[in-house]
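Student: Please read through the structure below; I'll follow up with questions.
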Amino acid sequence: MARKLKHDRYVEALCEIIKSEYDEIILNIPLYSKRKRKVAEIDILARKGKDYDAYEVKCSYRILKAKKQLRKIKKLLPNINNLFFFCGESGKLEAII
């Protein structure tokens, strides 16, 4: 069995933290342009009722890159309510406005 990447371990750790707050959690959702090119990937998409939250997981504290990715996701899927950044190294979870 292949060893999991550090990023994947951090994604699983965050899922354990947030799973009780949501009805459904989906991992690693690719987003495609109209030309069928992959333009983004949602690390964690969490649903509670009709509300959706997107989480971007980074191994180290790279919040500017995470904000850029989350804004792109919000532009592609405007029905997402909240955006979050999780730094696996520090365990810090931040809401992105």
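The values are calculated or read from the model by the stated rules, or taken from the named source; none is laboratory data. Remember, predicted model here, so these are calculated numbers, not experimental data. FYI the Cβ positions are ideal-geometry reconstructions off the backbone, even for glycines, and counts take in every protein chain you see.
Student: Looking at LYS38, LYS58 in this structure, which one is of a type in the set (Lys, Arg) and under 19 Å from ILE96 (Cβ atoms)?
Tutor: When all the criteria are applied, what remains is LYS58.
Student: Within the stretch 16-37, can one find any residue that is polar (S, T, N, Q), surrounded by 10 or more Cβ atoms within 10 Å (Cβ to Cβ) and at positive phi?
Tutor: Taking the stretch 16-37 first, the residues polar (S, T, N, Q) are 20, 28, 33.
Checking the rest, the ones that are also surrounded by 10 or more Cβ atoms within 10 Å (Cβ to Cβ) come to 28, 33.
Going one step further and asking which of them are at positive phi, we end up with 28.
Taking every residue of the stretch 16-37 in turn, at least one turns out to be polar (S, T, N, Q), surrounded by 10 or more Cβ atoms within 10 Å (Cβ to Cβ) and at positive phi.
Student: Only one of these conditions is not met by ILE42: (1) more than 18 Å from ASP8 (Cβ to Cβ); (2) of a type in the set (A, V, I, L, M); (3) at pLDDT 95 or above. Which number is it?
Tutor: For ILE42, the exception is condition (1).
Student: Take the stretch 3-48 and flag every residue that is out of contact with any Lys or Arg (no Cβ under 8 Å at 6 or more places or on another chain) and assigned to a loop (DSSP other than H, G, I, E, B).
Tutor: ARG3, LYS4, LEU5, SER33, LYS34, ARG35, LYS36, ARG37
Student: Please determine whether any residue of the stretch 76-93 is among the aliphatic types (A, V, I, L, M), out of contact with any Asp or Glu (no Cβ under 8 Å at 6 or more places or on another chain), touching a residue at least 12 places away in the same chain (Cβ under 8 Å) and closer than 19 Å to LEU5 by Cα.
Tutor: No: the stretch 76-93 contains no residue that is among the aliphatic types (A, V, I, L, M), out of contact with any Asp or Glu (no Cβ under 8 Å at 6 or more places or on another chain), touching a residue at least 12 places away in the same chain (Cβ under 8 Å) and closer than 19 Å to LEU5 by Cα.
Student: Name every residue in the stretch 49-79 that is in contact with a helix residue (DSSP H, G or I) (Cβ under 6 Å, 6 or more places away or on another chain) and either among the basic types (Lys, Arg) or farther than 21 Å from GLU16 by Cα (or both), in order of residue number.
Tutor: Of the stretch 49-79, the ones in contact with a helix residue (DSSP H, G or I) (Cβ under 6 Å, 6 or more places away or on another chain) are 54, 56-59.
The answer is LYS58, and nothing else.
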